[in-house]
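Following this message is one structure expressed as structure tokens.
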Amino acid sequence: MLLYNLLWSLVLLVCLPAALLSGDSRFRGRFGLSVPGVPRKDRPVWVHALSVGEVYSALPLVKKIKGDCPETPVVFTATTRKGMAVAEKILSGYVDGLYYMPLDAWWSVERFVRFINPAVFVLVESDVWPYILDYTGRRGIKRLLVNGRVSPRTFRKYRMFPFASRRLFRGFDLCLMQSDLDLGRLTAVGVDSARVEVGGNIKFDRSVKPMDPQERTGWLDLLGFGALDPVIVAGSTHPGEEEILTRAFSAVRKQSPHARLIIAPRNIERAAEIESIAVRMNFTVVQRSRLPTAGEPDVVVVDTIGELGRLYGLATVGFVGGSLVEIGGHNPLEPAALGCPVLFGPYMHNFDAMARMLVEAGAGVAIANEAELIASLLNFLSDGLLRNETGNSALRFVETNRGAVSRAAREVKAMTARGRREDQL
């Protein structure tokens, strides 16, 4: 830890002057400069999420904590700008403070933690850093990992450095992992099994409002789609996938000429690039921010944040991106929770347990290549019985796997009580 802190001290010497002069809220927040020097006295629960996906995962947990114990203050941190933007949008009514996560450097961590003065630190899914766990432990702060997952890539790193991995996870009082597979990967590198349990996946507990006819009509009118047009929604796509999707869509249109395609890229800054790809395929294309517009576009490219979850409600069939290229996939529960048949490619290793469970439940289809993508799209667009059965299976799959939030909230409540009792000793 001494060498680790020394390296961060060198970063401080180089970057702190710029941070002091900067008006950028994230830059200042990462250096611990966005909080006052006077500590909070209410010993809040501190919940941290890395980025957009983790923020959405944290939402049902934060709601549950505040619903069960309204008097318990909750402070929330995010690391990325997009994560903070989403947190401000969906969490502002539930938390007592929103901040950027400090860098894992002694000066920023200690300043931030002294101000927050939490009873419990709750980390959602990932973004595990050694000094913050070490310092919160030395201050007697309980530390809980919820919705923990270990991707194959991360597992390989842990196996390369098992001693460091064991030491890192000793920093948690308890790790609630998403699945037996994630638990097994931690214990395989020697993490103490007494600190690791399967808590389930809190993404299942996210409340999703079904799309009613009025909302559906509003979206279709805005998009310029007909009420009976089949709609394919491809979410969280990455470079290399849009070419495959538009070629597949071109093949589908030969048999289903009224089909429409919505592409929501993982990074909305790529919207113009994706529009160009679709135009080269001779499609009429419009970006979401330019709607409404005259005419009926073949393809809509989503260049806005926070709307994909509702757009899946329009889908005849949905595709989860990051899975036809070696990214590792994204959360397939978003379409499933709206009763949408789910397609994904062969690279779902970041969500391997969930992808396997979806297929076994008859709620999702794994496709290996472009030809299989075309075949699956045509199957769902032409077979209403198959579409309804798969969509209903998706809804049942989500419903039967709920409960992880209640488990995590019980642990937060128990740890908060223990932490406050220890303060009084």
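Where is the GNM fluctuation largest for the chain (alpha-carbon springs, 10 angstrom cutoff): ALA227, ALA85, ALA394?
Looking only at ALA227, ALA85, ALA394, the biggest GNM fluctuation is shown by ALA227.
In whole Hz and in residue order, list the ³J(HN,Hα) couplings for segment 404-413 that follow from phi through the Karplus curve 6.51 cos²θ - 1.76 cosθ + 1.60, θ = phi - 60°; x for Gly and Pro.
Calculated HN-Hα couplings, in order: 5, 5, 4, 5, 5, 5, 4, 5, 4, 4 Hz.
Relative contact order of the chain, please, whole-number percent, based on alpha carbon pairs below 8 angstrom and at least 6 residues apart. Present the calculation step by step, with values, prior to reporting the outcome.
Details: 790 pairs, mean separation 58.4, N = 425.
Value for the chain: 14 percent.
Of ILE367, ILE232, how do they rank once you tally other Cβ atoms within 10 Å and put the fewest first?
If I rank by nearby Cβ atoms, fewest first, I get ILE367, ILE232.
A follow-up question, please. Based on other C-beta atoms within 10 Å, arrange LEU10, LEU324 from fewest to most. Display every interim value, and only then the final one.
Numbers: LEU10 9, LEU324 29.
The most exposed by this proxy come first: LEU10, LEU324.
Ok, one more. Over 18 Å between C-alpha atoms is what I'm after, so list which of LYS142/LYS413; LYS63/LYS413; LYS89/LYS142; LYS82/LYS142 land there. Show your work: numbers first, answer last.
On the way: LYS142/LYS413 11 Å; LYS63/LYS413 13 Å; LYS89/LYS142 28 Å; LYS82/LYS142 28 Å.
Pairs exceeding 18 Å: LYS89/LYS142; LYS82/LYS142.
Loop sites only, by DSSP: take the GluC sites (Glu not before Pro) in the chain that have at most 16 other C-beta atoms within 10 Å and name the longest stretch containing none of them. Spell out each step's value before the answer.
On the way: sites that count: GLU71, GLU307, GLU326.
Maximal segment without exposed cleavage sites: 72-306.
With all distinct Cα pairs included, what does the Kirkwood hydrodynamic radius of the chain come out to in Å, to one decimal, could you say? Kindly include the intermediate steps, with their values, before the conclusion.
Working: mean 1/r = 0.0436 Å⁻¹.
Answer for the chain: a Kirkwood hydrodynamic radius of 23.0 Å.
Return the long-range amide H neighbours of THR284 (sequence gap of 5 or more, or a different chain), with a cut-off of under 5 Å between placed amide H atoms.
ASP298, VAL299
List the residues whose amide H sits under 5 Å from the amide H of LEU343, counting only those 5 or more places along or on another chain, with H placed 1.01 Å from N in the peptide plane.
Amide H neighbours of LEU343, under 5 Å, 5+ apart: GLY318, PHE319, VAL320, VAL365.
Give me THR293, THR400, THR416 ranked fewest to most by other Cβ atoms within 10 Å of their Cβ, as a rough exposure proxy. Mind showing how you got there, number by number?
Values: THR293 14, THR400 10, THR416 21.
Exposure proxy ranking, most exposed first: THR400, THR293, THR416.
So if I restrict to the alpha-carbon atoms in segment 213-400, what is the Rg, and what is Dmax, the biggest pairwise distance, in Å?
15.0, 44
Just need the relative contact order of segment 308-423 here, percent rounded to a whole number, with Cα pairs under 8 Å and 6+ apart. Write down the numbers at each step before the final one.
Details: 164 pairs, mean separation 27.2, N = 116.
So the answer I get is 23 percent.
Output the 0 to 90 degree angle, nearest 10, between the alpha-carbon long axis of helix 370-382 and the longest principal axis computed from the alpha carbons of the chain.
It is inclined by approximately 70 degrees.
Also, quick follow-up: Arrange the peptides 198-207, 149-158, 60-69 so that the one whose residues have, on average, the most other Cβ atoms within 10 Å appears first.
Details: 198-207: 22.0, 149-158: 16.1, 60-69: 19.6.
For the peptides 198-207, 149-158, 60-69, the packing ranking is 198-207, 60-69, 149-158.
Counting only residues 5 or more places away or on other chains, whose amide H sits under 5 Å from the amide H of VAL75 once H atoms are built in the peptide plane?
When sequence neighbours closer than 5 places are left aside, the close amide H contacts are VAL45, TRP46, VAL47, ASP96.
Can I ask one more? Over segment 213-400, what is the relative contact order in percent, taking alpha-carbon pairs closer than 8 angstrom and at least six residues apart? Mind showing how you got there, number by number?
Numbers: 363 pairs, mean separation 39.4, N = 188.
Relative contact order for segment 213-400 comes out at 21 percent.
Here's a follow-up. LYS203: which aspartates and glutamates have alpha carbons under 16 Å from its alpha carbon, excluding same-chain residues fewer than 8 sequence positions away?
GLU54, GLU125, ASP182, GLU334, ASP352, GLU399
All of the numbers you see were taken from the coordinates with simple rules; none came from a lab. All values reported here derive from a predicted model rather than from experimental measurement. Quick reminder, even Gly has a Cβ in these numbers, built from the backbone with ideal geometry, and neighbours come from all protein chains shown.
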